[in-house]
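Each reported figure results from applying straightforward, stated rules to the coordinates on display, with no laboratory input. No experiment lies behind these values; they were computed from the predicted model shown. A quick note on method: Cβ atoms are made from the backbone with ideal geometry, for glycine too, and the neighbour counts reach across all protein chains shown.
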Amino acid sequence: MLHAALGRSRAPWCNVNLIYLGKGEIGVCQRFLKGETTMLKKLLCLMATLVLVSACDTLGVNDGEGGAGGGAGAGMGSAVAGSQEDMVVNVGDRVFFNLDQSDLSSEAQATLDRQATWLKKYASAKVTVEGHCDERGTREYNLALGERRATAVKNYLVAAGIPSGRINTISYGKERPAVVGSNEAAWAQNRRAVTVIAQ
């Protein structure tokens with residue numbers, strides 16, 4: 001059984017009173033200063049933030065949030081030349097479409113002109129153009145619309161001087177959304193054609 005404290009002393013480093021009990025001493029935290037616990041919490045949050053930031057991707061690859069350019073101009077030259085990342089970073093890998101349309105906008109045409117220049121520079125590269133749609137409409141309708149979108153991109157690249165044998169097309173319809181959501185912002189990002197370097 002524990003007896004009453006025989007003596008008290010203060011531990012200056014953590015504001016703890018030490019209570020001497022019989023054969024040994026046991027440190028009992030009677031109180032922490034509010035500032036010390038707040039500082040500890042801040043320090044732990046800072047360390048967690050640093051760990052998360054250091055784990056982030058450093059290539060600067062943009063998955064299309066930058067508009068029709070698909071990240072064109074972001075992090076110029078930070079990817080291996082001739083790679084998918086090079087196309088994404090320096091050219092833009094996707095173009096976007098209006099609802100139920102497969103016509104190329106002037107912005108889409110500008111992106112495809114950059115892609116054609118890139119494909120001429122890397123003449124051994126073969127690509128697959130993926131056609132995508134938003135979630136509205138039937139599966140069959142969206143597969144057909146995605147195919148029209150992919151074909152529109154292929155035809156534009158062929159007209160720009162890229163041999164048709166270097167370009168394949170595939171439609172994913174609404175099966176592979178870039179952005180999950182049932183609103184216009186998500187739908188606009190999902191109505192797209194993406195040019196992917198064939199492996």
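Working out 0.36 nm times the residue gap between Arg136 and Val196, then minus their Cα-Cα distance, what length gain in nm do you get to one decimal?
Residue separation times 0.36 nm, minus the Cα-Cα distance, leaves 19.2 nm.
For the ranges 103-111, 152-160, what's the packing order if you count other beta-carbon atoms within 10 Å of each residue, average per peptide, and put the highest first?
Descending mean neighbour count gives 152-160, 103-111.
Over segment 77-199, what is the relative contact order in whole percent, taking alpha-carbon pairs under 8 Å and six or more residues apart?
Relative contact order for segment 77-199 comes out at 34 percent.
Given a Förster radius of 35 Å and the C-beta distance between Ala186 and Asp113 as r, what FRET efficiency does 1/(1 + (r/R0)^6) yield to the nearest 0.05?
0.80
Using θ = phi - 60° and the Karplus curve 6.51 cos²θ - 1.76 cosθ + 1.60, what whole-Hz ³J(HN,Hα) does each residue of segment 125-132 get, with Gly and Pro shown as x?
So the J values, rounded to whole Hz, are 6, 10, 10, 10, 9, 9, x, 10.
Which FRET efficiency value, to the nearest 0.05, do you get for Lys126 and Ala178 by plugging their Cβ-Cβ distance into 1/(1 + (r/R0)^6) with R0 = 25 Å?
Working: r = 23 Å, r/R0 = 0.91.
Efficiency, from the Cβ-Cβ distance: 0.65.
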